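Chemist: Below are the structure tokens for one structure; questions will follow.
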């Protein structure tokens, strides 16, 4: 276990900003920023690609696993594993952007919230690249500590699509003259392509499962729109099959190489 003296300033910074982020999320649910809650603004700018409300409960799992990671990198991870120090700066920026997004979205600064969402996404991509490149951390340990970021990146990937759709609706921007249902079908297809790309590039089987969760929730939220419901459910099934097949194949390859 680490001693306080062996923990870098960057890791302590991650701990501090994580606590601030949790506090900001609590305030966004229990205190009215600018006279309204996150849920109220989300309902106000609801789009056909917005998942059903229950889907957002995934934030609880994200913060729970991320909290476990923060505890580990601060109090248990060996100073020899400098991957935690390399990840700290983009993670701190991510947590700051996360907190600012809450204020921007609740205050209906939709364009600013979309920009902050892109910052959150970009920092998570940087973190993921660092995990993929790292060769020092034992594989069994890397799998465990990557799970929070797999969940986080997966949900933020979906949230970015939703946030940009909200921005399009807010600015009354008719993308290429497409109807909103057509836009939803296209964006869910893009999401599937992204999920498969990340799966193949990083061997991360958790990431696509977040899309499956989100797509089912999109279908639930659109009971009267058959095209969207069928597209979302269809892609969810396709992703689940691809992910399961990839997982089984990887397990078989490991057995052969063992």
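Readers should treat all values here as calculations from the given coordinates under stated rules, not as data from a laboratory. What you see is a predicted model, and the numbers here were worked out from it, not measured in a lab. Using ideal geometry, Cβ is built from the backbone for each residue, glycine included, and neighbour counts are taken over all protein chains shown.
Chemist: For region 139-238, how big is Rg over Rh, using alpha carbon atoms and the Kirkwood form of Rh?
Modeler: Numbers: Rg = 14.8 Å, Rh = 14.4 Å.
Radius of gyration over Kirkwood radius for region 139-238 works out to 1.03.
Chemist: For residue 252 and residue 59, what does the FRET efficiency come to when R0 = 45 Å and r is the distance between their Cβ atoms, rounded to the nearest 0.05? Mind dumping the intermediate values first?
Modeler: Details: r = 35 Å, r/R0 = 0.77.
Plugging the Cβ-Cβ distance into 1/(1 + (r/R0)^6) gives 0.85.
Chemist: Report the full-extension gain for the segment residue 201 to residue 172: residue separation times 0.36 nm, less the Cα-Cα distance, to one decimal in nm. Kindly include the intermediate steps, with their values, before the conclusion.
Modeler: Numbers: separation 29, 0.36 × 29 = 10.44 nm, distance 3.60 nm.
Fully extending the segment from residue 201 to residue 172 adds 6.8 nm.
Chemist: Which of rounded, prolate or oblate describes region 33-183 when judged by the alpha-carbon gyration tensor and an a/c cut-off of 1.5? Show your work: numbers first, answer last.
Modeler: Values: a/c = 2.38, a/b = 2.05, b/c = 1.16.
It comes out prolate by the Cα gyration axes.
Chemist: For a quick check: sort 241, 186 by the number of other beta carbons within 10 angstrom, fewest at the front. Numbers along the way, then the final one.
Modeler: On the way: 241 10, 186 14.
The most exposed by this proxy come first: 241, 186.
Chemist: Sticking with this structure for a sec: Of the listed values (i) 19.2, 60; (ii) 19.9, 69; (iii) 17.5, 53, grab the one calculated as Rg and Dmax of the Cα atoms in Å from the structure here.
Modeler: (i)
Chemist: Label residue 227 and residue 139 with points 7 Å out from Cα along Cα→Cβ: what is the distance between them in nm?
Modeler: 4.6
Chemist: If each DSSP helix of 4+ residues adds -39,500 (n - 2.57) and the sum is divided by the residues in the chain, what number results at 222 nm, nearest 500 deg cm²/dmol? Before the final figure, lay out each step's value.
Modeler: On the way: 9 runs with 198 residues, N = 258.
Roughly -27000 deg cm²/dmol at 222 nm, from the helical runs in the chain.
Chemist: Something else: If you stretched the chain out fully between residue 9 and residue 112, how much longer would it get, using 0.36 nm times the residue separation minus the C-alpha to C-alpha distance? Provide the component values of the computation, followed by the final result.
Modeler: On the way: separation 103, 0.36 × 103 = 37.08 nm, distance 3.00 nm.
Full-extension gain reported as 34.1 nm.
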